[in-house]
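Enquirer: Have a look at the structure that comes next, please.
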Amino acid sequence: MPTISQLPIATSVSPSDTVPVSQGGTLRSTSIGNFLESTQPTITIASPSLLGRTSLGAGGPEQVDVGVGLSIEGTTICATGLDHAAFPVLPDLDPNTNLVACSSNSPALLPVTQLRNLFSGGSNISISTSGVISASSAVESSGALDFGSAIGTLQVTAKLSASDLVPVSQSGSGRAISYADLLDGLTISQAQPAAPAMDTDTLWVAQGSDLMERQTFSAVWSWIMGKMPEYTVPSIEVAANVTLQAAQHNGHILVCSQPVTVLIESSLPAGFNCTIVNASSGKVTFGSGFILSAATDGLASWQAATVSGLVYSGTAVAFVSLPASSAVSNAPGAVTNLTAVATSASAITVSWQAPLTGVGSLTYSVQYRLTGSSTWIIATSAQTTMSCQVGGLSSSTNYDIVVQADSASGVGPYSNIINVVTLASAQTSAPGQISGLSASATSSTSVQLTWSAQSGTNSATSYTVQYRISGGSTWTWSMAGITTVTTTVTGLQSSTSYDFSVYGVNSVGTGIDSSVVTAATPSTPIAVSSITWNVPPSGPYSIGTGAIGVNAHVAPAAAVIQFGASQSPTLPPSAWTVATNVNSDLWGAYVPTPTTSGTWYMWVEGTDGSAQSVYATPFIVQ
């Protein structure tokens, strides 16, 4: 009989396979299924699961499930916390309640009372043993009270009432006092009246900080006296009509840079004082409501007036102290019909007409500047004719031009500004010497000059006349910007010999002086042969206000004439106004408006009384 080790090995086993067994001493065979029928069956539960024994008596392992709040992760049982959802809800939290906490990775119980000890109240805050947080009325400490943290969170108030409370520390304890009690209810109207002020009286001052200190009146007065030499009167520029107001103008200097009107809404307060300076070229006018010290309504250029508020016998007035020489109404107005034309690359010809208002003989100032700049250059001043040439300019360049009239009565305002562009330059050299100069007296105060014209690219575009009393070594006077080959020099002395010379000017430069010629003025005026009215008076005119502008054509053209007003067409005027040469044979003047109302006639004659005539149509003064 072979041994077990000699038997062949079975490659698989099934329940029907048989194995030998000894049963009651007799060798028998049985199937593997029968043999294992009473042994532990195969475990087929799903993973992960636990095996245990929950039944009584003998038996095999049984599947055991984990409860709420646990789960099996691999081979580990983990808590999920879901069991808390099933915990009962406490209706109240009392000091005997415990909380579950984790301490050093171990569960522990935390009494609620211990959780309370983690918190403490701040300034003016208390927490009771039951957890109630309250505001305390005062907090006592061994030092000063600390209200800062509490006050810093409060809304800021802009005004206090008598019942508002202010925190104070009283004997180391925090207290509150009403604002009225803090100030003891004292206002400035309740304070005891003081005696007359003295040098020893004191004031509250804050010196270098917000700490209040006292200062005496005498110390304050000494400080004010020390500052007086440094004090300057405030100055305000006025460029538009202004209404005087005490709050803005009292004690100020008002510099009027434009011809403005000064107004008042009502009477000025007593003691009001300001100075008004007219820095414009026109007139500063005072509106209704002022009392003026002179018979005029305005202030001439570069004159000053003082305005004062006065009260006497219950009457308030605004008084204006004007300079005695303030004669504004006779100053000329602005010139009219200003035109300018570029005649070359270096010259512009300017012409205009006389102002419509003003009295006396007129002269004119012509100024120019580069467009965009602020600096004006005087091209000519004391110009008696109403045209001139501005020379010495750059080619293809923009220039601004203004003209201003002047008389013995004052300076008129500037004209409107006109813009001109010079021509492109084609010249390569200065003009040659002027030839053919001749001079002849046309009156006792004027000489007419004539010379030969130049031609060619480099000819003169303007001329300058120089003259002096014969015998002099330098030229005393000159007239520039002349664009014709003839001109009349006026304003000369009678019975006097003069030297004259002319040179040309173009875009390149100035030419050589001509030969000198001499002419002497006669001792008597040139007689007038005929006078033809050009601009007669029209009216009506206001009594003694402004002037009446008139002009006429004269033959010979150089003869000087004069105008005057009379209330009779047969009796000549008692006063005459000498005319000024306007252009060629046209002579004009501004005759003062009569100071008597009624019907008037305008007369004209030569200054020697020749060719006396009267304009047939009278004019009205009212």
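Bear in mind these aren't lab numbers, they're just calculated from the coordinates by the rules spelled out. Everything numeric in this text was worked out from a predicted model, so none of it was measured. A quick note on method: Cβ atoms are made from the backbone with ideal geometry, for glycine too, and the neighbour counts reach across all protein chains shown.
Enquirer: Taking every DSSP beta bridge with both residues inside the chain, roughly what % is antiparallel (nearest 5)? It would help to have the intermediate numbers written out before the result.
Expert: Numbers: 129 of 146 bridges.
Bridges in the chain are about 90 percent antiparallel.
Enquirer: Then there's this: For region 438-520, what D do you get in µm² per second when you plug the Kirkwood radius from alpha-carbon pairs into Stokes-Einstein at 25 °C and 0.890 mPa s? If you can, show how the numbers build up before the last one.
Expert: Details: Rh = 13.1 Å.
In µm²/s, the coefficient is 187.
Enquirer: Something else about it: For I512 and T375, what is the calculated FRET efficiency with R₀ set at 41 Å and r taken between the beta-carbons, to the nearest 0.05?
Expert: Working: r = 31 Å, r/R0 = 0.76.
Approximately 0.85, to the nearest 0.05.
Enquirer: Give me S495, S425 sorted ascending by neighbouring Cβ count inside 10 Å, so fewest comes first.
Expert: On the way: S495 10, S425 15.
The fewest-first ordering by Cβ neighbours comes to S495, S425.
Enquirer: At 7 Å along the Cα-to-beta-carbon direction for both L211 and L571, put a label point, then send me their distance in nm to one decimal.
Expert: 9.2 nm
Enquirer: In vacuum, with every alpha carbon of region 4-88 counted as one equal point scatterer, what does the Debye formula give for log10 I(q)/I(0) at q = 0.15, 0.17, 0.23 Å⁻¹? Two decimals, please.
Expert: Ignoring solvent entirely, the Cα scatterers give -0.82, -0.91, -1.15.
Enquirer: What percent do you get for the relative contact order of region 530-621 when only Cα pairs under 8 Å and 6+ apart count? Write out the running numbers ahead of the final one.
Expert: Numbers: 220 pairs, mean separation 31.0, N = 92.
Rounded, it is 34 percent for region 530-621.
Enquirer: Contact order normalised by length for region 438-520, with contacts defined as Cα pairs under 8 Å and 6 or more residues apart; what percent is it? All intermediate terms of the calculation are to be shown ahead of the outcome.
Expert: Values: 165 pairs, mean separation 29.2, N = 83.
Computed value for region 438-520: 35 percent relative contact order.
Enquirer: Report, in deg cm²/dmol and to the nearest 500, the calculated mean residue ellipticity at 222 nm for the chain, where each DSSP H run with n ≥ 4 adds -39500 (n - 2.57) and the sum is divided by the residue count. List each step's numbers first, then the result.
Expert: Numbers: 6 runs with 32 residues, N = 622.
That calculation yields -1000 deg cm²/dmol at 222 nm.
Enquirer: First measure r as the distance between the Cβ atoms of A270 and V233, then evaluate 1/(1 + (r/R0)^6) with R0 = 22 Å and state the FRET efficiency to the nearest 0.05. Intermediate values should be presented prior to the final figure.
Expert: Numbers: r = 20 Å, r/R0 = 0.90.
Here the calculated transfer efficiency is 0.65.
Enquirer: For S257 and L115, compute 0.36 nm times the residue count separating them, minus their Cα-Cα distance, and round to one decimal in nm. Intermediate results must be reported in sequence, preceding the final value.
Expert: Details: separation 142, 0.36 × 142 = 51.12 nm, distance 8.27 nm.
Length gained, S257 through L115: 42.9 nm.
Enquirer: What distance in nm lies between label points placed 7 Å from Cα along the C-beta direction at Q493 and S47?
Expert: For the pair Q493/S47, the computed spacing is 14.2 nm.
Enquirer: For region 19-31, just list the computed ³J(HN,Hα) in residue order, Karplus coefficients 6.51, -1.76 and 1.60, θ = phi - 60°, integers in Hz, with x standing in for Gly and Pro.
Expert: Whole-Hz 3J(HN,Hα) from phi for region 19-31: 9, x, 9, 9, 10, x, x, 10, 6, 9, 10, 8, 6.
Enquirer: Moving to a separate point now. List every residue whose amide H lies under 5 Å from the amide H of I418, counting only residues 5 or more places away in sequence or on a different chain, with H placed 1.01 Å from N in the peptide plane.
Expert: For I418, whose amide H was placed from the backbone, the distant partners under 5 Å are I401.
Enquirer: Stretched out fully, how many nm does the piece from A408 to T315 gain, at 0.36 nm a residue minus the Cα gap? All intermediate terms of the calculation are to be shown ahead of the outcome.
Expert: Numbers: separation 93, 0.36 × 93 = 33.48 nm, distance 3.92 nm.
Computed gain between A408 and T315 is 29.6 nm.
Enquirer: Residue-wise, which Karplus ³J(HN,Hα) couplings in Hz belong to region 366-381, taking 6.51 cos²θ - 1.76 cosθ + 1.60, θ = phi - 60°, and x for glycine or proline?
Expert: Result, ordered by residue: 10, 10, 9, 7, 5, 4, x, 8, 10, 9, 8, 10, 7, 7, 7, 10 Hz.
Enquirer: On to the next question. Amide H of L50 versus every other amide H placed in the peptide plane: which residues, excluding those fewer than 5 positions away on the same chain, fall under 5 Å?
Expert: Hits under the 5 Å cutoff: V64.
Enquirer: Just the number: Rg to Rh for region 309-432, Cα atoms, Kirkwood Rh, two decimals. Show your work: numbers first, answer last.
Expert: Working: Rg = 20.4 Å, Rh = 16.7 Å.
On the Cα set of region 309-432, Rg over Rh gives 1.22.
Enquirer: Additional query: For the chain, what's the relative contact order in percent, using C-alpha pairs closer than 8 Å and at least 6 residues apart?
Expert: Numbers: 1373 pairs, mean separation 40.2, N = 622.
With pairs under 8 Å counted, the relative contact order is 6 percent.
Enquirer: Okay, next question. Could you tell me the distance between the Cα centroids of region 595-622 and region 99-129, to the nearest Å?
Expert: Between the Cα centres of region 595-622 and region 99-129 lies a distance of 119 Å.
Enquirer: I'd like the Karplus ³J(HN,Hα) series for region 587-601: coefficients 6.51, -1.76, 1.60, θ = phi - 60°, whole numbers in Hz, and an x wherever there's a Gly or Pro.
Expert: With coefficients 6.51, -1.76 and 1.60, one gets 10, x, 8, 10, 8, x, 5, x, 9, 10, 6, x, 9, 10, 10 Hz.
Enquirer: Considering amide H positions built from the backbone, and no H for Pro or chain starts, which residues 5 or more places from V335, or on another chain, come under 5 Å of its amide H?
Expert: Close amide H contacts, sequence-distant or interchain: A405, S415.
Enquirer: If you don't mind, another one. Gain in length, S31 to A240, computed as 0.36 nm per residue apart minus the alpha-carbon separation, to one decimal in nm? Mind showing how you got there, number by number?
Expert: Details: separation 209, 0.36 × 209 = 75.24 nm, distance 13.39 nm.
Here the segment from S31 to A240 would lengthen by 61.9 nm.
Enquirer: If you build the convex hull over the alpha carbons only and average its shadow over all orientations, what do you get for the chain? Give it in nm² to one decimal. It would help to have the intermediate numbers written out before the result.
Expert: Details: hull surface 333.3 nm².
Seen from a random direction, the Cα hull of the chain projects 83.3 nm² on average.
Enquirer: Moving to a separate point now. Just the Cα atoms of region 235-321, one point each, no solvent: what log10 I(q)/I(0) does Debye give at q = 0.21, 0.25, 0.26 Å⁻¹?
Expert: -0.94, -1.33, -1.43
Enquirer: So if R0 is 25 Å, what FRET efficiency would N105 and Q63 give, r being the distance between their Cβ atoms, rounded to the nearest 0.05? Show your work: numbers first, answer last.
Expert: Details: r = 32 Å, r/R0 = 1.28.
It comes out at approximately 0.20.
Enquirer: If each residue's Cβ is checked for other Cβ atoms within 10 Å, how do F619, F35, F286, F87 rank with the fewest at the top? Walk me through the intermediate numbers first.
Expert: Details: F619 19, F35 15, F286 22, F87 8.
Fewest-to-most ranking of F619, F35, F286, F87: F87, F35, F619, F286.
Enquirer: If a paramagnetic tag sat 7 Å from the Cα of S128 along the Cα-Cβ line, which residues of region 82-104 would have the backbone N under 20 Å from that point?
Expert: Within reach of a label on S128: 91-97.
Enquirer: What are the semi-axes of the equivalent ellipsoid of region 530-621, taken as the square roots of 5 times the eigenvalues of the Cα gyration tensor, listed largest first and rounded to whole Å?
Expert: Numbers: eigenvalues 91, 35, 23 Å².
Values for region 530-621, descending: 21, 13, 11 Å.
Enquirer: Right, another one. Helix 217-227 versus the longest principal axis of the chain: what is the Cα-based angle in degrees, 0 to 90, to the nearest 10?
Expert: That works out to roughly 60 degrees.
Enquirer: Beta carbons within 10 angstrom, averaged per residue: use that to sort the peptides 406-416, 4-14, highest first. Working shown, then result.
Expert: Details: 406-416: 19.4, 4-14: 6.5.
Averaged packing, sorted descending, gives the order 406-416, 4-14.
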